[in-house]
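Take a look at the structure below.
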Amino acid sequence: MAETTKALKIKDKQELAPSAEQTREGLVFTPDVDIFETEKEIVLLADVPGVKPENVNIDLRDNILTLSCEVEPFENAEEEDILIEYETGTFYRQFTLSEVIDQSRIDAKLKDGVLRLTLPKVEEATPRKITVKTE
Amino acid sequence: MIYGRMYGLPRWRFKSPFEELDRMRRQMDQLFEDLSGTRLRTLTRSGVFPAINLTEDKNNFYIRAELPGVQSEDLDIEATATAVAITGERKIPAAEEGARYHRREREAGRFSRIINLPSEINADQVKASLSNGILTVVVPKAEKAKPRQITVK
């Protein structure tokens, strides 16, 4: 792909302005996502660097998908800052799904800091044809 | 340089003296934060991908960068006497055919960055690891750059 050879530009991490007050201290960021849809499923890819698989929380209720990934601090206590260009914190994002999702078959994979969420669509019931009888 | 030696000031190895000023500003902000309890954002912006955090302890420098989805074989790290160069490429596999994109925020592309370190390093012993999308480069300080405990007799 020719477009992959372009140079990456730096992008500031988007800090989330929470709608409700947080109960815990810490920063919250909005992860970058790709969402694409095929006939059978919706796939969501989210950049969540520094997140361990056990700290990923995915919640789907009332068609609202909530992603929440906690990042544990990985600096040793005795390290001193010299140059700080990014901060770490929880990744949080919500999506409203318009399609009906088969909740039992949702699949999540985490690899190299990228979360891949596969949301299979519910197979629609075959439309019944209603014939109008005439007497 | 001559000025620095004449007046007994330590020589900064950084290319720009502003980086050291940034560090001082951060330390000042930390003081204010501790006093007032409010957070101040003081991030340095270099404008070069990837954003890095550089920390140090007695023996090592630590360079950390967020590189989600980057494979270790697409990364190239080189060390010289006082600098570490990180080059690489982030590839995003194309979606299967017939897929319709709703959102496309993740970007692919090449990147290259040279990080100048404040003191001499042991370029042979530089170690890099990539886990959960975080690159950590551990850069040991050169023996002569390490602080030495001096016992008073």
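The values are calculated or read from the model by the stated rules, or taken from the named source; none is laboratory data. Model, not experiment: these values are computed from the prediction. All Cβ positions, glycine included, derive from the backbone under ideal geometry; neighbour counts span all protein chains shown.
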Whichever residue in the stretch A:95-108 is within 14 Å of chain B (Cβ to nearest Cβ) and either under 16 Å from B:Leu67 (Cα atoms) or exposed (fewer than 12 other Cβ atoms within 10 Å of the Cβ) (or both) and, among such residues, is modelled with the lowest pLDDT: A:Ser98
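Which of the residues belonging to the stretch A:88-123 are out of contact with any strand residue (DSSP E or B) (no Cβ under 8 Å at 6 or more places or on another chain) and in contact (Cβ under 8 Å) with a residue 24 or more places away in the chain? Reasoning before the result, please.
Filtering the stretch A:88-123 down to residues out of contact with any strand residue (DSSP E or B) (no Cβ under 8 Å at 6 or more places or on another chain) leaves A:98, A:104, A:111, A:123.
Across the stretch A:88-123, the qualifying residue is only A:Ser98.
Grab the strands (runs of 3 or more DSSP E) fully contained in the stretch B:36-153, keeping just those with 1 or more residues being at the interface with another protein chain (Cβ under 9 Å from one of its Cβ atoms) and within 15 Å of the chain's Cα centre (by Cα). Before the answer, list the steps.
Numbers: elements: B:52-56, B:60-66, B:75-79, B:83-90, B:100-104, B:109-116, B:127-131, B:134-140.
Strands (runs of 3 or more DSSP E) meeting the threshold: B:52-56, B:60-66, B:109-116, B:127-131, B:134-140.
Within the stretch A:47-62, take every residue that is of a type outside the set (Val, Ile, Thr) and at the interface with chain B (Cβ under 9 Å from one of its Cβ atoms) and give me the one that is farthest from A:Thr118 (Cα to Cα).
Here is the first cut: in the stretch A:47-62, the residues of a type outside the set (Val, Ile, Thr) are A:47, A:49-50, A:52-55, A:57, A:59-62.
Filter once more, keeping what is at the interface with chain B (Cβ under 9 Å from one of its Cβ atoms): A:47, A:49-50, A:52-53.
Details: A:Asp47: 15, A:Pro49: 19, A:Gly50: 21, A:Lys52: 19, A:Pro53: 16 Å.
Out of the qualifying residues, it is A:Gly50.
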Residue match in the stretch B:70-86 (condition: closer than 23 Å to A:Glu80 by Cβ and either assigned by TED's automatic domain parsing to the domain that holds B:Asp22 or of a type in the set (Phe, Trp, Tyr) (or both)): no
Qualifying residue in the stretch B:124-138 (condition: surrounded by 15 or more Cβ atoms within 10 Å (Cβ to Cβ) and either among the aromatic types (Phe, Trp, Tyr) or not assigned by TED's automatic domain parsing to the domain that holds B:Ile52 (or both)): no
Residue that is farthest from B:Val139 (Cα to Cα), among those in the stretch B:31-67 that are out of contact with any strand residue (DSSP E or B) (no Cβ under 9 Å at 6 or more places or on another chain) and modelled with pLDDT of 70 or more: B:Leu35
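Within the group A:Glu70, A:Glu85, A:Glu75, which residue is within 8 Å of chain B (Cβ to nearest Cβ) and at pLDDT 85 or above?
Details: A:Glu70 fails: within 8 Å of chain B (Cβ to nearest Cβ); A:Glu75 fails: at pLDDT 85 or above.
So the residue among A:Glu70, A:Glu85, A:Glu75 that is within 8 Å of chain B (Cβ to nearest Cβ) and at pLDDT 85 or above is A:Glu85.
Here is a yes/no grid of residues against (1) touching a helix residue (DSSP H, G or I) at 6+ places or on another chain (Cβ under 6 Å); (2) more than 18 Å from A:Pro120 (Cβ to Cβ); (3) in a strand (DSSP E or B); (4) not small (Gly, Ala, Ser):
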site: A:Thr66; (1), (2), (3), (4): no, yes, yes, yes
site: A:Cys69; (1), (2), (3), (4): no, yes, yes, yes
site: A:Pro73; (1), (2), (3), (4): no, yes, no, yes
site: A:Ala77; (1), (2), (3), (4): no, yes, no, no
site: A:Leu83; (1), (2), (3), (4): no, yes, yes, yes
site: A:Tyr86; (1), (2), (3), (4): no, yes, no, yes
site: A:Arg93; (1), (2), (3), (4): no, yes, yes, yes
site: A:Ser98; (1), (2), (3), (4): no, no, no, no
site: A:Ser104; (1), (2), (3), (4): no, no, no, no
